[in-house]
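Notes to accompany the following structure.
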Amino acid sequence: MLEGIYVEAFNLFLKYTGIDRPDSLNNSVIGLFLLICDIAINPVEGFPSDIMDYESFIICTDPGIRFTLLCSFISKDADKWTTVIQDYSRQEYFDLSEQLCEYIVCLPPWVGSAIVADWSEEHTAVQDLLKEESEMKFRPENLSIRLFTAKYIRFQEDKIKYPNVFCWIGKSMTGEVHKDVDLTIVERIFNRHQALFTDVIGGEIRPTIFDDHNKENTMETFQAFYQFNTTYDMTFKWITEKGPFKYDYHWLTSKYSDEEMKDWVRNNFKDSYSIYPEELKTI
């Protein structure tokens, strides 16, 4: 991560702000760059907040424009901003993100997190969804969407509590985290928001087993999730590709033969459409 687009973004940050390259990673300039990135890629207008001004909507939500405008603002008083981040605290994150977003006339990211976190207080449907997430046992209707939405809400719930950890995760994990959060909390947050599914040696995809989730339910949800996703993919092929269906799903697992994978995908398709893929007729 210390090459490619990450370095390119940092070089642009230094160029646009006029700030000298720091001589170490443990530097306030690095913290400022990460704060700029956090604000740039997390617009609030349109979702989850209402659009405040339609004429400036694109400017307010385009990450590249936001990044450039924020760097331009910092360049006007670069000496001040190079040392402005001191303790990497929650309050510092709030204060600085508000100052920067006031300049680009946009809501700071934490406002979006607060809106989403409040959904569970306002909507019984969200409460039901989060109950499913806590048990890792989802209703089958739109399972993939329900799973992603629940994880998104959980992410925002933690982000409004610990925005500094999400913005400055490297600093937070060094032991130099601010006194308002200790390493035990940082570890819990990191583990809680791991990728749901990971590929292991050999190319097989497996579910992440979380300490606070039932293992059996997690495995069932994993199976159902990929059943839905292979059917979504087959549906996409049905709409966009010509010729016979291609059953190229060894990216999911290498444990089964071509015929076994094909039969599994065909049966999932039939469960949804009451017809096998090869029974479809070209009109």
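Cα-based count: Lys pairs in the range 135-205 below 18 Å, eight or more positions apart or different chains?
Lysine pairs meeting both conditions in the range 135-205 amount to 8.
Check which residues have an amide H placed less than 5 Å from LEU107's amide H, if you skip close sequence neighbours.
Correct list: VAL44, GLU45.
Treat the count of other C-beta atoms within 10 Å as a stand-in for reagent exposure and order LEU183, LEU12 from fewest to most.
Placing the least packed residue first, the sequence is LEU183, LEU12.
Any idea what angle helix 63-75 forms with the longest principal axis of the chain, computed on alpha-carbon atoms, 0 to 90 degrees, nearest 10?
Computed tilt is about 10 degrees.
Could you work out how far helix 90-103 tilts from the main Cα principal axis of the chain, as a 0 to 90 degree angle to the nearest 10?
The angle comes out at about 80 degrees.
Sorted from fewest to most neighbouring beta carbons within 10 Å, what does the list SER172, SER89, SER24, SER254 look like?
Fewest-to-most Cβ neighbours within 10 Å comes out as SER24, SER254, SER89, SER172.
Which value results for Rg/Rh of the range 215-279 when Rg is the Cα radius of gyration and Rh the Kirkwood radius based on the inverse mean 1/r?
For the range 215-279, the value is 0.98.
Work out, step by step, the length gained on full extension between ASP211 and GLU102: first 0.36 nm times the residue separation, then minus their alpha carbon distance; give nm to one decimal.
35.2 nm
In nm, what is the difference between 0.36 nm times the number of residues separating GLU135 and LEU12 and their Cα-Cα distance? Let's see the in-between values first.
Numbers: separation 123, 0.36 × 123 = 44.28 nm, distance 4.44 nm.
Going from the current span to full extension adds 39.8 nm.
May I ask for the distance between the Cα centers of the range 215-283 and the range 142-199, given as a whole number of Å?
32 Å
In straight Cα distance, which aspartates and glutamates are under 18 Å from LYS242, not counting same-chain residues fewer than 8 positions off?
Result set, ordered by chain and number: ASP233, GLU278, GLU279.
Between 0 and 90 degrees, rounded to the nearest ten: what's the tilt of helix 109-122 against the longest Cα principal axis of the chain?
Helix 109-122 sits roughly 50 degrees off the main axis of the chain.
What lysines could a cross-link reach from LYS15, if we take a straight Cα to Cα line under 21 Å and drop same-chain neighbours fewer than 8 places away?
In chain and number order, the partners are LYS76, LYS80.
Between the range 100-138 and the range 1-65, what is the C-alpha centre distance in whole Å?
Using only Cα atoms to place each centre, the spacing works out to 22 Å.
Taking the Cβ of each residue in MET52, MET261 as the centre, tally the other Cβ atoms inside 10 Å and list the residues starting with the fewest.
The fewest-first ordering by Cβ neighbours comes to MET52, MET261.
Restricting things to alpha carbons, tell me how big the range 1-107 is in terms of Rg and Dmax, in Å.
Over the range 1-107's Cα set, Rg and Dmax evaluate to 13.9, 43 Å.
Using C-alpha positions alone, give me the convex hull volume of the range 128-283 per residue in cubic angstrom.
152 Å³
Could you go through the range 225-237 in sequence order and give the Karplus-derived ³J(HN,Hα) for each residue, using 6.51 cos²θ - 1.76 cosθ + 1.60 with θ = phi - 60°, rounded to whole Hz, and x for Gly and Pro?
So the Karplus estimates, Gly and Pro as x, are 4, 6, 4, 5, 5, 5, 5, 4, 5, 5, 5, 4, 4 Hz.
FYI, it's all coordinate maths here, none of it is from the lab. Quick caveat: nothing in here was measured; it's all calculated off a predicted structure. Ideal geometry is used to build each Cβ from the backbone, glycine not excepted, and the neighbour counts take in all protein chains shown.
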